[in-house]
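Written out below as structure tokens is the structure these notes cover.
The values are calculated or read from the model by the stated rules, or taken from the named source; none is laboratory data. Everything quoted here is computed from the prediction, not taken from an experiment. Counting neighbours? That spans all protein chains shown, and the Cβs are built from the backbone with ideal geometry, glycine included. Protein only, heavy atoms only, side chains kept; ligands, DNA and RNA dropped before computing areas. Shrake-Rupley method; radii C 1.70, N 1.55, O 1.52, S 1.80 Å.
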Amino acid sequence: MLRLILIILWFMVFLVVTLPLFLFEVIYRLINRDRSEIQCQEIVRFLMRGILFFAGVKVTVKGRENVPEGEPVLYVPNHRSYFDFVVTFCNMRSPILNVGKKELAYVPLIGQWVMLIGTFLMDRKSRKKGYRTIEEAVRTVKEGKSVVIYPEGTRNKGKMEEPLRFKEGSLKISTWSGCKCVPVALLNTRNIYENHRPFVKATDVTLIFGKPIDPATLSQEEQKNYGALVRGRIVDMILAEEGEKNG
């Protein structure tokens, strides 16, 4: 329980101490939106690193060399925990924008920071609005910014690490923009909190960047089942990592 209390206190201190920065960035965003987003991402990344520190989480990153340099990509992680965003955001280069659920915007102050770092808010109940969000993300990728999306649409609450079925529409960001897709495997993040809530447990987690997939090299059938293809890559990465640990 102590770790959870420390995280909450750290969060409260952050919100109070950074209030002047928040107000500055709200104004500066009107002058230079791109620069403000990068600055806000670094501020929020500082918050996230503090959360991992107080949670006692050690992150082992593998496959960083697989991430193409000098070009935007679509990162596609599996989703097991509330901490997934914290782990991934701390280990990806800026500028990087996230696709999240629209409910985040309604959380006081937190929702405003979510907007300042350039988050696309997805309305999961409206297919039309969902595709509009995908189109916005495509435009952002064409501007040179990478995007992160969790194509399961929700957290996998089962016992198995293997991800739920991917929503094919989410991978349109890659096919419509022409950017490469980087599969991302997250292992053991659920053991930080969800497996024994309300307690936060010191945990070793693994983040693996897989080899990028270029949509231009895929057949029509593969593009049609792009989500299943990427999910399969992530499953293979998870099984290989689990086999290595157990072997």
Expressed in nanometres to one decimal, the distance between label points 7 Å along Cα→Cβ at Tyr131 and Gln220 is 2.0 nm
Fully extended, how many nm does the chain gain between Phe53 and Asn32 (0.36 nm per residue separation, minus their Cα-Cα distance)? 4.4 nm
What number results when the radius of gyration of the range 1-100, computed over Cα atoms, is divided by 2.2 N^0.38 Å? 1.20
Give a quick list of GluC sites (Glu not before Pro) in the range 140-174 that DSSP marks as loop, anything other than H, G, I, E or B, with at most 14 other Cβ atoms within 10 Å. Glu143
By the DSSP-based rule, helices of the chain that are at least 15 Å long along the axis (C-alpha) and have a mean Kyte score of at least -0.5 are 2-17, 19-31, 33-55, 226-246
Summed side-chain charge close to Val44 - residues other than Val44 whose Cβ falls under 12 Å, Lys, Arg +1, Asp, Glu -1: -1
Value at 222 nm in deg cm²/dmol, rounded to 500, when DSSP H runs of n ≥ 4 in the chain each add -39,500 (n - 2.57): -14500 deg cm²/dmol
Of Lys102/Lys142; Lys102/Lys211; Lys102/Lys167; Lys172/Lys224, which sit over 21 Å apart, Cα to Cα? Lys102/Lys142; Lys102/Lys211
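Take the alpha carbon gyration tensor of the chain, find the square roots of its eigenvalues, order them as a ≥ b ≥ c, and report rounded if a/c is under 1.5; if not, report prolate when a/b exceeds b/c, else oblate. Write down the numbers at each step before the final one.
Values: a/c = 1.70, a/b = 1.11, b/c = 1.53.
Here the chain falls in the oblate category.
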Percent accessible area from carbon and sulfur atoms, the chain, protein chains only, probe 1.4 Å: 58 percent
Out of Asn66, Asn78, Asn98, any idea which swings most in a Gaussian network model of the chain, alpha carbons joined below 10 Å? Asn66
Over the chain, with the other protein chains present, what is the accessible area per residue in square angstrom, probe 1.4 angstrom? 52 Å²
